[in-house]
Amino acid sequence: MLPDPAVQRTGAATPYGELQAVERMARRRPQVLIVGAGFGGLTLARKLRSVPVDVTLIDRNNYHLFSPFVYQVAAGILSAGDVAPSVRKLIRSFGNANFLKAEVIGIDAQNSRVLTDHGSISYDYLVLAPGSVTNDFGNVTVRNLAYSLKTLPDALGIRNAVMEALERARWAEDPEQRRILSTFVVVGGGPVGVEYAGAVIELLRAVLRKDFREAELEAKVVLLEAGPRILPLFDERLAASAARSLQKLGVDVRTGTALKAIDQAVVELADGSRIETGTVIWAAGVKASPLGGTLGVPLTSQARVPVTPSLRVRSLPNVFVIGDLAAHADLPMLARPAIEEGEYVAKAIHSLMLDREPEPFVYKDPGIMAIVGRGSGIAQIGPFRLRGLIGWLFWLTYHILIVDTLRARFTALINWAALFLLREPPIRLDVSAERHQAPD
């Protein structure tokens with residue numbers, strides 16, 4: 001019997017999509033390469049456990065950052081280890097997955113390879129889930145003089161900066177200098193800015209009252225929002241409730257106030273006014289990872305990649321994009337869309353392996369929520385609107401359930417209980433790592 005010429009032409013290097021159906025099942029398992037170990041990438045890897053594929057997960061960091069808790073690290077409520085479990089530990093039970101720590105620097109879609117700082121990796125299906133980065137909107141002074149609140153190093157840097165500012169204020173003899181060093185400006189009235197402003201004012205009150213009582217320092221937190229109100233994604237009444245809660249805590253909430261520039265110890269506003277401050281925290285927006293620019297397709301204004309209803313790049317049918325990088329139905333850059341997209345792509349890849357076109361992705365919005373200081377929060381769940389202690393408890397319960405490890409859940413509960421009962425953030429160390437050169 002003569003061999004089938006079509007089968008003869010297929011080899012180990014033949015792209016998976018070009019193999020005949022029988023060859024796909026018999027020759028090898030498809031290689032799924034996931035770029036990014038955030039909510040979308042990790043969810044996808046978890047859902048692919050039961051699919052006959054080999055999964056490689058790549059990220060520049062060897063930890064999975066639980067981003068809703070990043071501001072709590074900055075405010076001294078949680079430690080870095082509480083919000084960033086090891087990726088290798090999280091996928092240890094996934095029999096078909098492995099992790100590589102690498103920086104992705106490009107994509108060779110024509111040859112189905114991803115380029116990293118350690119070499120290239122081939123794939124049959126590529127899923128881009130690199131997340132987002134801070135958006136300074138081209139403001140050089142923000143880039144150079146403000147502390148962004150996005151990554152884990154950002155959060156640790158802010159915590160150190162706040163504590164260092166208080167230590168410097170303690171030594172300052174000039175009352176005006178003490179006032180400037182004890183004034184903190186948070187830019188951005190979205191969930192991150194609002195939650196951090198509420199948390200840091202409580203940190204400052206506790207620290208000043210108990211640890212700097214002899215210095216007579218009085219901290220001030222100013223929250224700036226360029227739009228007409230804070231929390232624009234929320235119902236207007238909930239946003240107003242959050243603003244009142246912040247004001248009760250002592251936060252100076254200023255809406256319709258855009259930052260123009262940052263100078264030494266001064267924030268210049270678009271209306272011509274100025275705020276003297278020693279520390280500026282930037283939480284005014286994000287944009288998609290620059291990795292999308294390597295695909296060679298037009299991007300949106302937030303650098304997101306337009307995708308088809310099946311979350312694929314139109315010109316690259318074996319490349320999926322999920323999370324903050326995907327421009328689909330105007331979904332916000334939040335954890336929940338990334339999680340649902342990760343779940344969907346696992347099913348889509350399985351369908352493609354069986355020569356079935358995936359059904360379009362449909363987002364099931366579970367709602368949004370935020371907390372505003374100790375014991376106060378807001379939640380918008382379908383037709384329901386929760387605020388105050390009930391909103392805070394709802395936020396706490398939801399996030400405890402989706403935290404990845406039992407240790408993190410236990411630690412978070414203990415620290416939140418200490419904050420609620422003792423009114424004192426448990427972590428307020430100023431620890432900066434320094435590199436030491438080896439002796440000659």
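Averaged over residues, the count of other Cβ atoms within 10 Å places the peptides 31-39, 267-275 in the sequence 31-39, 267-275, highest first.
Scanning residues 5 or more positions from residue 102 or on other chains, those with amide H under 5 Å from its amide H are 59, 60, with H placed 1.01 Å from N in the peptide plane. Among 363, 125, 71, sorting on how many other beta-carbon atoms sit within 10 Å of each Cβ, with the fewest leading, yields 363, 125, 71. Among 410, 258, 133, flag the residue with its Cα farthest along the positive direction of the charge dipole of the chain, charges on Cβ as +1 for Lys/Arg and -1 for Asp/Glu. After comparing all options, I get 410. The simple spin-label model puts a point 7 Å past each Cα toward its Cβ; for residue 86 and residue 271 those points are separated by 5.2 nm. Normalised by the number of residues in the chain, the mean separation of alpha-carbon contacts (under 8 Å, six or more apart) gives a relative contact order of 18 percent. Based on the convex hull around the alpha carbon atoms, the stretch 154-267 presents an average projected area of 7.4 nm². Based on the Stokes-Einstein relation at 37 °C and a viscosity of 0.692 mPa s, and on the Kirkwood radius from alpha carbon pairs, the stretch 308-427 is assigned a translational diffusion coefficient of 194 µm²/s. Checking every one of the trypsin sites (Lys or Arg not before Pro) in the stretch 171-229 against DSSP loop status and a limit of 12 other Cβ atoms within 10 Å picks out 213.
Around residue 154, with a cut-off of 14 angstrom between Cβ atoms, what is the net charge of the other residues, counting Lys and Arg +1 and Asp and Glu -1? Could you put the intermediate results ahead of the total?
Working: positive: 143, 150, 159; negative: 136.
Net local charge, residue 154 excluded: +2.
Placing R0 at 25 angstrom, the Cβ-Cβ distance between residue 236 and residue 397 gives a FRET efficiency of 0.50 after rounding to 0.05.
With a simple spin-label model that places each label point 7 Å from the Cα along the Cα-to-Cβ direction, the separation between residue 363 and residue 252 comes to 3.6 nm.
Across the stretch 235-244, rounded Karplus estimates of 3J(HN,Hα) from the backbone phi angles (6.51 cos²θ - 1.76 cosθ + 1.60, θ = phi - 60°) give 3, 4, 5, 5, 4, 5, 5, 5, 4, 5 Hz, Gly and Pro being marked x. For the stretch 65-73, the Karplus equation 6.51 cos²θ - 1.76 cosθ + 1.60, evaluated at θ = phi - 60°, returns couplings of 8, 7, 4, x, 9, 4, 5, 6, 5 Hz by residue, with Gly and Pro reported as x. Rg and Dmax of the stretch 227-281, both derived from C-alpha coordinates alone, stand at 13.0, 37 Å.
Based on alpha carbons, the Rg and Dmax found for the chain are 24.2, 96 Å. Within the shell defined by Cβ-Cβ distances under 12 Å, the residues around residue 364 carry a net charge of -3, with Lys and Arg each +1 and Asp and Glu each -1. Quarter the surface of the alpha carbon convex hull of the stretch 146-210 and you get the mean projected area, 4.7 square nanometres. In this structure, residue 302 and residue 111 have a Cβ-Cβ separation that, at R0 = 25 Å, corresponds to a calculated FRET efficiency of about 0.30.
Debye-formula intensities of the stretch 185-251, expressed as log10 I(q)/I(0) at q = 0.12, 0.22, 0.27, 0.29 Å⁻¹, are -0.33, -0.86, -1.16, -1.28 (one equal scatterer per alpha-carbon, no solvent). For the stretch 51-155, the normalised intensity computed at q = 0.12 Å⁻¹ comes to -0.56 (log10 of I(q)/I(0), Debye sum over alpha carbons, equal scatterers, no solvent). Take the Cα of residue 405, step 7 Å toward its Cβ, do the same at residue 264, and the gap between the two points is 4.4 nm.
In order along the stretch 336-351, the phi-based Karplus estimate (6.51 cos²θ - 1.76 cosθ + 1.60, θ = phi - 60°) of 3J(HN,Hα) comes to 4, x, 5, 5, 5, 5, x, 4, 5, 5, 4, 5, 5, 5, 4, 5 Hz; Gly and Pro are listed as x. The packing ranking, built from the mean of other Cβ atoms within 10 Å per residue, places the peptides 56-66, 346-356, 282-292 in the order 282-292, 56-66, 346-356, highest first.
Take each peptide in 129-140, 181-192, count the other Cβ atoms within 10 Å of every residue, and average; sorted highest first, the result is 181-192, 129-140.
For residue 211 and residue 177, compute 0.36 nm times the residue count separating them, minus their Cα-Cα distance, and round to one decimal in nm.
Numbers: separation 34, 0.36 × 34 = 12.24 nm, distance 1.94 nm.
Fully extending the segment from residue 211 to residue 177 adds 10.3 nm.
Over the chain, DSSP H runs of length four or greater, each weighted -39,500 (n - 2.57), average out per residue to a 222 nm ellipticity of -10500 deg cm²/dmol.
Readers should treat all values here as calculations from the given coordinates under stated rules, not as data from a laboratory. A quick note: this is a predicted structure, and the numbers were derived from the prediction, not measured. Positions of Cβ are generated from backbone atoms using ideal geometry, with glycine treated the same way; all protein chains shown enter the neighbour counts.
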